[in-house]
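**Student:** A single structure is presented below for examination.
The values are calculated or read from the model by the stated rules, or taken from the named source; none is laboratory data. Bear in mind that the values here come from a model prediction, so they are computed numbers and not experimental data. With ideal geometry, Cβ positions are generated from the backbone for all residues, glycine too; neighbour counts draw on all protein chains shown.
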Amino acid sequence: MQIESKNIILFDGVCNLCSFSVQFIIERDPKGYFHFAAIESELGQQLIQKYDLGTVDSLILVQNGEAHIYSDAVLHIAKGLSSWHRHVYFFHFLPQGFRNRAYKLIAKFRYDLFGKKEQCMIPTPEIENRFLEEKKV
């Protein structure tokens with residue numbers, strides 16, 4: 001399977017909230033629909049450049065040749081989960097500006113509220129195949 005055909009979630013590898021979010025998604029995605037890469041990784045930087053995302057430094061979803069950022073990323077990720085959380089996509093009807101302001105406010109203070117790690121999370125052997133570190137686009 002080529003990297004472009006995967007549903008890739010880029011995340012801030014040192015952010016505790018982002019790492020928790022990745023674990024949350026993995027637990028609710030038993031079929032392995034989503035794959036992951038740290039924004040700080042070579043692949044993460046390649047995708048940011050490819051989709052011209054500039055300084056987006058929190059959750060990004062690359063899906064079907066399109067990059068979703070801010071609240072759109074969260075809602076599209078929720079839509080792909082196998083649990084009741086997929087119904088969170090219902091909130092897509094809210095104005096994007098409102099959703100993004102709320103998202104950016106949390107993202108701005110995520111280190112203060114949830115802390116920061118010294119290094120990116122290291123996946124366990126059971127889930128390491130879902131992490132796409134250092135693969136070329």
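**Student:** Only residues that are surrounded by 16 or more Cβ atoms within 10 Å (Cβ to Cβ) and over 16 Å from Ala107 (Cβ atoms): list them for region 1-32, please.
**Tutor:** Ile3, Lys6, Asn7, Ile8, Ile25, Ile26, Arg28, Asp29
**Student:** Of the conditions (1) modelled with pLDDT of 90 or more; (2) surrounded by fewer than 18 Cβ atoms within 10 Å (Cβ to Cβ); (3) within 13 Å of the chain's Cα centre (by Cα), Glu40 clears all except one; give me its number.
**Tutor:** (1)
**Student:** Additional query: Out of region 82-97, which residues are of a type in the set (A, V, I, L, M, F, W, C) and in contact with a helix residue (DSSP H, G or I) (Cβ under 7 Å, 6 or more places away or on another chain)?
**Tutor:** Val88, Phe91, listed by residue number.
**Student:** Could I ask something else about it? Looking only at region 27-45, how many residues end up being farther than 10 Å from Leu10 by Cβ and out of contact with any strand residue (DSSP E or B) (no Cβ under 8 Å at 6 or more places or on another chain)?
**Tutor:** Result for region 27-45: 7.
**Student:** Which of the residues spanning region 57-114 are touching a Cys at 6+ places or on another chain (Cβ under 8 Å) and among the small types (Gly, Ala, Ser)?
**Tutor:** Selection gives Ser58 alone.
**Student:** Considering region 43-72 alone, what residues qualify as being crowded, with 17+ Cβ neighbours inside 10 Å and free of Cβ contacts under 8 Å to residues at least 12 places away in the same chain?
**Tutor:** His68
**Student:** Which of (1) without any contact (Cβ under 8 Å) to a residue 24 or more places away in the chain; (2) out of contact with any helix residue (DSSP H, G or I) (no Cβ under 9 Å at 6 or more places or on another chain); (3) of a type outside the set (A, V, I, L, M, F, W, C) does Lys79 not meet, given it meets every other one?
**Tutor:** Unmet condition: (2).
**Student:** Related question: Restricting to helices (runs of 4 or more DSSP H) lying wholly in region 16-132: which have 2 or more residues that are more than 20 Å from Lys6 (Cβ to Cβ)?
**Tutor:** 16-27, 70-79, 96-108, 110-114
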